[in-house]
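The values are calculated or read from the model by the stated rules, or taken from the named source; none is laboratory data. Computed from a predicted model, the values in this text were never measured in an experiment. In this analysis, Cβ positions are derived from the backbone assuming ideal geometry, glycine residues included, and neighbour counts consider all displayed protein chains.
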Amino acid sequence: MKLFLLLYLGFYTLTSSATSFEDDKFAPDRERFREAYATLKQGKPERAKQLVSGLESYPLFIYFRYFELNRKLHQTRKTEVRDFLAAHDESLLASRLRYDWLKLLSRTHQWQDFLIDYRPQSDVALKCAQLAARIATGAKEGVLNDARALWLTGKSQPSECDGPFSYLNASKLMNDALRWERIRLAFSDNNVSLANYLSRQLRDPELKRAAEQWIAVHTSPISALRNAYFKLDNARSREIVVHALRRIARTDADQAIRVWQQEAVRFDFDDNEMGQLKRIIGLAAASQDSPATLELLDQIPAPYVDDAVEKYRIREAITGRAWERLARWTEHPPTGTTAPLRWCYWRARALEAVNRTEDARIMFADLARERDYYGFLSADRQNLEYQLNNRPIAPSATEVADLTSRPGLIRAREFVRLNMPFEARREWAHEIETLNVRQLEVVAYVVTDWGWHDRAILRLVRQNPTTL
């Protein structure tokens, strides 16, 4: 990892001696803020309020206002909360206050106010509360489809979803096909209790029986496959058999292969089912270092080759020096997250090993132009000079000014100066979520003035993860 950091630090010129973040105009207020903040953390809000008086223009005063509102949120006037949210919209603390405020409005069923102050949330409980608010206030258009989207998951959802889900269950949109779809998701998430709960809601006796068999198979796959139910060969029984083989393969790939061979005689698996089974068993074999790994990975059909399969194929081929297989497996670009330069390097090595030396030479020469770990390895194989390809960021004064005037970065800078790294990183992480690629480069340049080199380097590495 250190090598990668050095590569990126050299690639981007980050030194910025001619530019400073800003004059330290807040120095007179900083120590008083530190004392007030410590007092607040000690649970002495009234004393902290006295200490912070007069610091209203200080960038971190927002923290006192936030704590003041949040401490007695149930007693706070709506206008005060909304004034704070409007004044500091999209800030870290506004997001946190809005979350707590919406939770309070949901608990107290203040649905009209909830809808006024609601903004899209990642929290499932709040998403469901928003549906409850729409139902309660009569704004029901689209609620059923939104409830369906939240209901269709293999996870058990929070209690805030009970009302919207009851509304969905009472509608014509709910049927056994939808219930079966969620049962399938529950088993994928290893959530047997949810699958069991849903199975009791099925109306169709055949589906009920299938669900009972699936639950038995999940618990004890080998013995359950002997049940009379599996004398039937249909789409549902085969789906359950695939799940059984997945459960067996999880701990014993070799046994899964033996059971698969037996079941292949009893069931006429279609191409999709065979593709799933080959992927399941191939990955299990690779994770358990089975001697049959290379052959099993090779049998996985192209539509079922994903990130996990590609990574295991490269690892196993290199370890087993299976160069012919690796040359074939890397004919096309990766579909997953394997770094392209790594992919190309090992393809070149495979081509070299199978005597396609000219093709390998061309690939190594192309790779050697890159300032990258695999570029350097490629250069070594061709006795070429390393290419450093330095690219200064060189932001304009306007770019720097635009970024350094952002309130979130000003707050992060103040926390750095106060030696409060946790708070600084929290503001920083929230602020950079909205930056584009060029702004991320400039902000990496800017924070070197803070002495915050780890954030600058980490930002660049995450932005350019080609070798990781």
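So here's what we get for this one:
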| read-out | value |
| --- | --- |
| Of residues in region 413-434 being among the acidic types (Asp, Glu) and touching a Leu at 6+ places or on another chain (Cβ under 8 Å), the one surrounded by the most Cβ atoms within 10 Å (Cβ to Cβ) | Glu427 |
| Search result, residues across region 84-105 that are more than 24 Å from the chain's Cα centre (by Cα) and within 13 Å of Ile116 (Cα to Cα) | Leu85, Ala86, Trp101, Leu102, Leu105 |
| Which listed residue, of Asp146, Asp233, Asp162, is among the charged types (D, E, K, R) and not assigned by TED's automatic domain parsing to the domain that holds Leu115 | Asp233 |
| Test: residue in region 205-212 that is in a helix (DSSP H, G or I), of a type in the set (Asp, Glu) and either under 21 Å from Ala244 (Cα atoms) or in contact with a Pro (Cβ under 6 Å, 6 or more places away or on another chain) (or both) | yes |
| Some residue of region 385-403 being modelled with pLDDT of 90 or more and buried (at least 19 other Cβ atoms within 10 Å of the Cβ) | no |
| Hits in region 108-139 - residues which are exposed (fewer than 14 other Cβ atoms within 10 Å of the Cβ), under 29 Å from the mean Cα position of the chain (by Cα) and farther than 21 Å from His88 by Cβ | none |
